Every structure is written in C-alpha cells, then in structure tokens.
Amino acid sequence: MPKVRKVPQRMCVGCRVMKNKKELMRIVRTPEGSIEVDETGKKSGRGAYICRDANCLAIAIKGKRLQKALDHEIGLEVLEKIKEKLQSSS
C-alpha cells in the first residue's frame, strides 16, 4: 500500500482558517530581529502565516495579530513591503 504524505497545514493570522502551507505567505522575524517576507519558507526565525489576500492582512494588522504572532513591533515601512509582496504575488 503506498504511503500517503500529509500536506502541512498552517493557520492564517488574519482570518484564522487552516490552509495548506503552500497557499499562505510566511512572514518571519529573523534571529537578528528584522521582519521579512519568507519566499522559500525555510528562513530561520519565528514565522507567521497569512493568506495572499489584502483583507486578511488588514485584519491581522488592525487586531495586532501579526505583531503578537511574531512577538515584535512591526514598522510602517515593513508593512508596506509586505503589502507590495502580497499584491505582486496575487
């Protein structure tokens, strides 16, 4: 009988829906303390996942869910970079 691999699931910090890891965008706080969009999903650091939807990002920012998930304050310039990446990946 062939082995069935589980598809990794993660929860969006905006809408709080479980989705396949590949469908979500990972935002990581690196060990140095910078906040970045993780294109590969393999950067070291504390990560948070968000849908590739501007509404989910808005909810996550408004409720400070992204900041809580990363355990770090997020500057406006970083939020703008995240929004740009979100729009370019859609």
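How long are the semi-axes of the ellipsoid equivalent to the stretch 9-89, from square roots of 5 times the Cα gyration tensor eigenvalues, in whole Å, largest first?
16, 14, 13
What do you get for the angle between helix 76-89 and the principal long axis of the chain? Use alpha-carbon atoms, 0 to 90 degrees, nearest ten. Taking Cα atoms only, the helix is inclined about 40 degrees. The lysines whose alpha-carbon is closer than 25 Å to the alpha-carbon of residue 62, local same-chain residues fewer than 8 away aside, are 19, 21, 22, 81, 83, 85. Taken one residue at a time, the phi angles of the stretch 23-32 give Karplus couplings (6.51, -1.76, 1.60, θ = phi - 60°) of 7, 9, 9, 9, 10, 10, 9, 6, x, 7 Hz. Gly and Pro are set to x. Inter-label distance, residue 72 to residue 87: 2.4 nm, where each label sits 7 Å from its Cα along the C-beta direction. Expressed to the nearest 5 percent, the antiparallel share of DSSP beta bridges inside the stretch 9-89 is 95 percent.
Read-outs: derived from the displayed coordinates by stated rules, not from any lab. Computed from a predicted model, the values in this text were never measured in an experiment. Don't worry about glycine lacking a Cβ; one is built from the backbone with ideal geometry, like all the others, and counts go over all protein chains shown.
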